[in-house]
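Written out below as structure tokens is the structure these notes cover.
The values are calculated or read from the model by the stated rules, or taken from the named source; none is laboratory data. Everything numeric in this text was worked out from a predicted model, so none of it was measured. Here the Cβ positions follow ideal geometry from the backbone for every residue, glycine too, while neighbour counts run over all protein chains shown.
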Amino acid sequence: MNDLNAMLEPGMLVRHPERPDWGLGQVQSNIAGKITVNFPEAGKVVIEGARVALVPVFDDG
């Protein structure tokens, strides 16, 4: 699992590095390397943390 993904917790904001068109997503859960994120343009997506390094967003401004 990507070390950065391991720190993701529900409520945190993230971007998918390969799908910027999905917009700013909110982490719903992070269980055993499977991260569920709700994206405004893609809906609820389950991401395999070992395959995709999500980008945390700490300031959406």
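Mind checking which residues of the stretch 31-58 are farther than 16 Å from PRO20 by Cα and either touching a His at 6+ places or on another chain (Cβ under 8 Å) or among the charged types (D, E, K, R) (or both)?
Result: LYS34, GLU48, ARG51.
Within the stretch 16-61, can you find the residues that are closer than 17 Å to LEU4 by Cβ and acidic (Asp, Glu)?
GLU18, GLU48, ASP59
Among the residues of the stretch 1-12 satisfying the criterion of being among the aliphatic types (A, V, I, L, M) and either over 16 Å from ARG51 (Cα atoms) or assigned to a loop (DSSP other than H, G, I, E, B) (or both), which is modelled with the lowest pLDDT? Outline the logic, then answer.
Taking the stretch 1-12 and keeping what is among the aliphatic types (A, V, I, L, M), we get 1, 4, 6-8, 12.
Within this subset, residues satisfying the condition of being either over 16 Å from ARG51 (Cα atoms) or assigned to a loop (DSSP other than H, G, I, E, B) (or both) are 1, 7-8, 12.
Working: MET1: 46, MET7: 91, LEU8: 95, MET12: 97.
In this case the residue turns out to be MET1.
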